[in-house]
Amino acid sequence: MREITLDTETTGLDHRTGDRVVEIGAVELINHIPTGQVFHRYINPMRSMPVEAYNVHGLSEQFLADKPVFGDVVEEFLAFVDGARLIAHNASFDMGFLNFELGNVGRPALPAELVVDTLMLARKKHPVGSNSLDALCQRYGIDNSRRTKHGALLDAELLAEVYLELIGGRQAFLTLDAEEVGGHAGAISARDIPPRPRPLGPRLTEAEREAHIAFIAEMGEKAIWRKYLGD
């Protein structure tokens, strides 16, 4: 299953009043595993940058002046997200802006049925407390110390980790090599994990083991557990 976590930065909060996309970041997942394949582009919005937006993401008019406009990157973006489930935090915001930009260049909107809103997932799973991206990173022990300002690619990478926690926990160790996730060189591999300096010690105490043996004895000679007890 192919999924894309994505995030946008914009000139403001409402595309209907003239705000535009200035950055897109997206991260590919195959079977919930990050593959290392990303899409990241800065975009010239062809308008001024309000100071309020600049204070959020730090992208100035001068920095964006020589960047491509959305129409110049749209084909590459659509090729990257093609057919994938799209994962976004507060998805109505990002999809509203992206679909507005797509409409401006005569392209159809992204399919709503492929969109998953992690903010909605988080509110269902954690009905009490904040469910911002920062709050969820803190809740799940995800390092977001680099997030001094909003950045689309960094936020998409953090969102990938948050999303995997929201749907039941990260399971990167289940993938043995890159071929199992489409051959991408950036895939997480069990072989990348160094061995422990020494094996973990047993977690059961001798008293717990004896209690378990006594319990199995009460189940009779045909108890299937007996074959796991050894001699």
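Go through the stretch 52-72 and count every residue that is closer than 25 Å to ALA84 by Cα, of a type in the set (Val, Ile, Thr) and either within 25 Å of the chain's Cα centre (by Cα) or in a helix (DSSP H, G or I) (or both). Looking only at that region, the number is 0. Checked against (1) surrounded by 21 or more Cβ atoms within 10 Å (Cβ to Cβ); (2) at pLDDT 95 or above, ILE33 passes all but condition (2). With respect to (1) surrounded by 17 or more Cβ atoms within 10 Å (Cβ to Cβ); (2) under 14 Å from THR8 (Cβ atoms); (3) touching a residue at least 60 places away in the same chain (Cβ under 8 Å), the lone exception for ALA84 is condition (2).
For beta carbons closer than 7 Å, sequence separation of 6+ or different chains, a first residue in the stretch 1-20 that is within 11 Å of GLY96 (Cα to Cα) and a second that is assigned to a strand (DSSP E or B) and not polar (S, T, N, Q), the qualifying pairs are THR8/VAL21; THR8/GLU23; THR8/ILE24. Yes or no: GLU218 over 21 Å from GLY25 (Cβ atoms), modelled with pLDDT under 90 and loosely packed, with under 10 Cβ neighbours inside 10 Å? Against the criterion (over 21 Å from GLY25 (Cβ atoms), modelled with pLDDT under 90 and loosely packed, with under 10 Cβ neighbours inside 10 Å), GLU218 qualifies.
For TYR140, the test of being touching a helix residue (DSSP H, G or I) at 6+ places or on another chain (Cβ under 8 Å) and either of a type in the set (Ser, Thr, Tyr) or surrounded by fewer than 16 Cβ atoms within 10 Å (Cβ to Cβ) (or both) is passed. For the stretch 36-51, which positions are at pLDDT 95 or above and outside any loop (DSSP other than H, G, I, E, B)? If the condition is that a residue be at pLDDT 95 or above and outside any loop (DSSP other than H, G, I, E, B), then GLN37, VAL38, PHE39, HIS40, ARG41, TYR42, VAL51 are the ones that fit.
Residues in the stretch 1-20 that are of a type outside the set (D, E, K, R) and surrounded by 21 or more Cβ atoms within 10 Å (Cβ to Cβ): ILE4, THR5, LEU6, THR8, THR10, THR11.
Scanning the stretch 81-124 for residues that are in contact with a Lys or Arg (Cβ under 6 Å, 6 or more places away or on another chain) and either over 13 Å from LEU6 (Cα atoms) or in a helix (DSSP H, G or I) (or both) gives a single hit, LEU114. Within the stretch 33-56, residues that are over 12 Å from THR11 (Cα atoms) sit with their Cβ atoms under 6 Å from residues that are of a type in the set (Phe, Trp, Tyr) and not in a loop (DSSP other than H, G, I, E, B), at 6+ positions apart or across chains, in these pairs: PHE39/PHE80.
The values are calculated or read from the model by the stated rules, or taken from the named source; none is laboratory data. It should be emphasised that the depicted structure is a prediction, and the values quoted were computed from it without experimental measurement. Positions of Cβ are generated from backbone atoms using ideal geometry, with glycine treated the same way; all protein chains shown enter the neighbour counts.
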